[in-house]
Amino acid sequence: MGKAIIIAGTPGTGKTSITRLLVEKCGLQSVNLSDLAIEKGFIQYYDAERNTYVIDEEKLIDYLENMSRELEGHLVIQTHYPEIIPSDLVEAVFILRTNPLILEKRLMERNWSKRKINENVMAEILGVVAYNAVEAFGASKVYEIDTSNTKPEEVANLICSVIRGHTILEPGVRIDWLSILPPEEVFRFENYLGSED
């Protein structure tokens, strides 16, 4: 039975490119949780207001558990909602973190709505993905990596080295954007959460 290595983070933190490189560099299989849910039809409905699908978690998890039974070694799972994955399937969770001001620029380049950008930047400021992962899997399985000014290749090499036992990272939530950002920047995102564009 294979174990899952989760690559998680707010949209825009580098999950897709880093997962792709991990597959190349470490010879691992990977799956994007959202893409898998859409491909297999594990969808309850489409939320037009938030421009996102609401997945059928139960069906998705059943499928993942069956996948892991057939695997040897590690499966890399890319997601921004790692907490739905059963803890016994998970070996480690790598949370990609990005400075909120850099993240804002990345999301603007995707032509996202102001509301969707603010929602995701506030989630990054508050460390929502990281704290949800710690609650679901325990601090000892969760590792944060700052991708703000680090090349995807460097991040992939680091994760690969940790998986192979060559590098030790300190687990737990260590990045605190609230202690770094000026209060007016935080308020800027908070105040526009309700705006459309």
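The values are calculated or read from the model by the stated rules, or taken from the named source; none is laboratory data. Treat the numbers as computed from the prediction; the structure is a model and nothing was measured. FYI the Cβ positions are ideal-geometry reconstructions off the backbone, even for glycines, and counts take in every protein chain you see.
Only one residue in L22, L75, L71, L28 is in contact (Cβ under 8 Å) with a residue 24 or more places away in the chain, more than 18 Å from the chain's Cα centre (by Cα) and under 24 Å from G165 (Cα atoms). Which one? Quick ask: steps written out before the conclusion?
Values: L22 fails: more than 18 Å from the chain's Cα centre (by Cα); L75 fails: more than 18 Å from the chain's Cα centre (by Cα); L28 fails: more than 18 Å from the chain's Cα centre (by Cα).
Selected residue: L71, the only one of L22, L75, L71, L28 that is in contact (Cβ under 8 Å) with a residue 24 or more places away in the chain, more than 18 Å from the chain's Cα centre (by Cα) and under 24 Å from G165 (Cα atoms).
Looking at segment 50-59, can you tell me whether even one residue there is in contact (Cβ under 8 Å) with a residue 40 or more places away in the chain and of a type in the set (V, I, T)? Checking segment 50-59: not a single residue is in contact (Cβ under 8 Å) with a residue 40 or more places away in the chain and of a type in the set (V, I, T). Read through the list (1) touching a helix residue (DSSP H, G or I) at 6+ places or on another chain (Cβ under 6 Å); (2) of a type in the set (A, V, I, L, M, F, W, C); (3) crowded, with 17+ Cβ neighbours inside 10 Å, then give the number of the only condition that I175 fails. Condition not satisfied by I175: (1).
Among the residues examined, V142 qualifies as closer than 30 Å to F187 by Cβ, surrounded by 14 or more Cβ atoms within 10 Å (Cβ to Cβ), at pLDDT 95 or above and under 16 Å from the mean Cα position of the chain (by Cα).
How many of the residues making up segment 56-100 are assigned to a loop (DSSP other than H, G, I, E, B), touching a Lys or Arg at 6+ places or on another chain (Cβ under 9 Å) and surrounded by fewer than 22 Cβ atoms within 10 Å (Cβ to Cβ)? Steps first, please.
Residues of segment 56-100 that are assigned to a loop (DSSP other than H, G, I, E, B), as a first pass: 56, 71-73, 80-81, 85-86, 98-99.
Imposing the further condition that a residue be touching a Lys or Arg at 6+ places or on another chain (Cβ under 9 Å) reduces the set to 71, 73, 80, 98.
Those still in the list that are surrounded by fewer than 22 Cβ atoms within 10 Å (Cβ to Cβ) too: 71, 73, 80.
Number satisfying all stated conditions: 3.
The residue that is farthest from R106 (Cα to Cα), counting only those in segment 150-169 that are touching a residue at least 12 places away in the same chain (Cβ under 8 Å) and part of a loop (DSSP other than H, G, I, E, B), is R164. Here is a check on your reading of the model: is L36 buried (at least 20 other Cβ atoms within 10 Å of the Cβ) and within 17 Å of A8 (Cβ to Cβ)? For L36, the condition - buried (at least 20 other Cβ atoms within 10 Å of the Cβ) and within 17 Å of A8 (Cβ to Cβ) - is not met.
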